[in-house]
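Read the structure below first, then the notes.
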Amino acid sequence: MFAKRTIWNLTPNRLSEALAAHRAAGKPLIDLTVSNPTECGFEYDSSAILNALSNPAALSYEPNPKGLESARRAVAGYYADRGDDVDIEDIILTTSTSEAYSYVFRTLCDPGDDLLIPSPSYPLFDFLAEIHDVNLVRYPLLYDHGWQIDFHPLEQAITPRTRGIIVVNPNNPTGHYAKQAEIAKLNSICAERRLAIIADEVFLDFALEGDRPASFAANRDAPTFALSGLSKICGLPQMKAAWLIASGPQEWKHEAVARLEVIADTYLSVNAPVQLAIPRFFELRHSFQEQVISRIRRNLAELDRQLAAQSAVSRLKVEGGWCAVLRVPVTHSDEDLALLNKEGIYVHPGHFYDFSSGRSLIVSLLTPELQTVQGVSRILAFLR
Ligand SMILES: Cc1ncc(COP(=O)(O)O)c(C=O)c1O
């Protein structure tokens with residue numbers, strides 16, 4: 001009696017079983033997978049956050065499919081601070097970036113249409129695609145002293161059923177930003193073949209080096225949807241506030257926004273107190289981002305200090321984002337590596353993110369520094 005799209009294998013995998021057993025036995029665990037910023041010891045201005053949620057204007061209901069104008073102005077202001085000109089009429093608020101993906105997939109794709117996604121990347125796409133009857137086709141990212149898009153296989157993967165190309169900017173977990181030359185190439189491919197660029201920019205502000213990275217939010221040269229939200233930018237995943245922005249050729253953009261507006265109007269999903277608080281939340285982002293970036297820098301420095309004392313494990317270059325990728329010797333299975341349970345370390349295996357088996361571990365750089373020191377030293381001792 002259930003839809004085929006929900007025939008998921010719901011049995012726990014070896015890793016989650018071993019992790020549950022380790023926790024149930026009350027053994028200590030150093031968790032190098034943390035991604036929830038509210039549990040990493042960052043300082044938040046609690047009273048400012050809570051005050052922002054008690055705006056009396058929330059007592060009346062103003063249904064607006066795109067979201068309250070004051071909130072969309074704040075989103076446009078965020079891009080203006082970066083030097084990008086975004087019209088508030090092209091912004092649609094959603095409860096999460098995942099929901100924004102959902103609106104975009106529904107707008108672009110009929111059942112069985114293809115979307116191209118980067119590999120390696122974030123595991124959420126498989127579920128989102130299945131729920132929306134979309135077929136994912138992977139295009140490779142190459143690593144050679146830094147990450148880049150491999151355009152030849154990307155172009156070969158395009159078929160008459162392809163509707164768009166997803167770019168994660170910077171990508172999770174590789175931390176790779178789309179460079180100007182890559183943006184230009186994506187624009188020319190998508191403009192010529194009438195495809196949309198879907199750019200996930202939730203980690204855009206967490207660059208570790210160089211100039212301010214380019215955003216796709218004001219991309220003019222190809223049909224584009226840019227997605228982001230407060231979960232990473234402000235470290236407030238619990239507020240459930242995100243957005244999508246349509247940009248590109250005028251005629252296409254108007255049509256896209258009109259269609260999206262019908263979807264958004266069907267749900268009207270973002271609640272009033274949070275929308276009214278969005279301008280204040282944006283003001284608070286600077287202190288959060290400074291804390292995150294300085295922790296990431298300290299964790300990377302510690303990682304490099306320990307890696308320098310051995311030769312079995314190395315790390316790949318990180319341009320931004322919240323993770324580092326470790327290259328490890330292929331002597332253990334991915335999941336043995338990932339739990340390292342006798343050592344009391346929890347770390348994600350590379351295959352979670354589509355890396356080939358047994359070669360990589362993904363380490364969160366949000367982990368409090370003391371745990372990074374201990375966790376990394378135990379991983380290196382285990383792999384020696
Ligand atoms: C690349 C990427 N996109 C989107 C999300 C989800 O964001 P949201 O909390 O807004 O749904 C995540 C969460 O980790 C992510 O890593």
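Below is a table of values for the structure above.
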| quantity | calculated |
| --- | --- |
| The one condition in (1) over 23 Å from ASN9 (Cα atoms); (2) buried (at least 19 other Cβ atoms within 10 Å of the Cβ); (3) in contact with a strand residue (DSSP E or B) (Cβ under 8 Å, 6 or more places away or on another chain) that PHE125 fails to fulfil | (1) |
| Flag if GLU290 is farther than 14 Å from ILE362 by Cβ and within 20 Å of the chain's Cα centre (by Cα) | yes |
| Close pairs (7 angstrom Cβ cut-off, 6 or more residues apart or separate chains): closer than 19 Å to GLU130 by Cα in region 1-28, at pLDDT 85 or above anywhere | ARG5/GLU130; ARG5/ILE131; ARG5/ASP133 |
| Any hit, region 162-170, residues being among the polar types (S, T, N, Q) and buried (at least 23 other Cβ atoms within 10 Å of the Cβ) | yes |
| Close pairs from region 179-207: first open to solvent by 20 Å² or more (accessible area, probe 1.4 Å), partner within 16 Å of the ligand (Cβ to nearest atom) and acidic (Asp, Glu), Cβ under 7 Å, at least 6 apart | ALA207/GLU319 |
| Residue in region 32-50 that is in a helix (DSSP H, G or I), open to solvent by 50 Å² or more (accessible area, probe 1.4 Å), farther than 30 Å from CYS323 by Cβ and out of contact with any Pro (no Cβ under 6 Å at 6 or more places or on another chain) present | yes |
| Enumeration of residues in region 264-292 that are among the polar types (S, T, N, Q) and either farther than 15 Å from GLN238 by Cα or in contact with a strand residue (DSSP E or B) (Cβ under 6 Å, 6 or more places away or on another chain) (or both) | THR266, SER287, GLN289, GLN291 |
| Matching strands (runs of 3 or more DSSP E) fully within region 60-144 where at least 1 residues are among the β-branched types (Val, Ile, Thr) and under 26 Å from ARG285 (Cα atoms) | 91-94 |
| Of residues in region 99-122 being touching a residue at least 60 places away in the same chain (Cβ under 8 Å) and small (Gly, Ala, Ser), the one surrounded by the fewest Cβ atoms within 10 Å (Cβ to Cβ) | SER119 |
| Subset of region 263-275 (residues that are in contact (Cβ under 8 Å) with a residue 60 or more places away in the chain and of a type in the set (Val, Ile, Thr)) | ILE263, VAL270, VAL274 |
| Filter result (within 15 Å of the ligand (Cβ to nearest atom), assigned to a strand (DSSP E or B) and of a type in the set (S, T, N, Q)) within region 201-256 | SER228 |
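Listed here are the residues, each with its yes/no results for (1) in a helix (DSSP H, G or I); (2) over 30 Å from LEU93 (Cβ atoms).
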site: ILE278; (1), (2): yes, no
site: LEU284; (1), (2): yes, no
site: GLU290; (1), (2): yes, no
site: PRO329; (1), (2): no, yes
site: SER356; (1), (2): no, yes
site: ILE362; (1), (2): no, yes
site: THR372; (1), (2): yes, yes
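The values are calculated or read from the model by the stated rules, or taken from the named source; none is laboratory data. Here the structure is a predicted model, which means the values were calculated and not measured. A quick note on method: Cβ atoms are made from the backbone with ideal geometry, for glycine too, and the neighbour counts reach across all protein chains shown. Please note that ligands, DNA and RNA were not included when accessible areas were found on the heavy atoms of the full protein model with its side chains. Shrake-Rupley method; radii C 1.70, N 1.55, O 1.52, S 1.80 Å.
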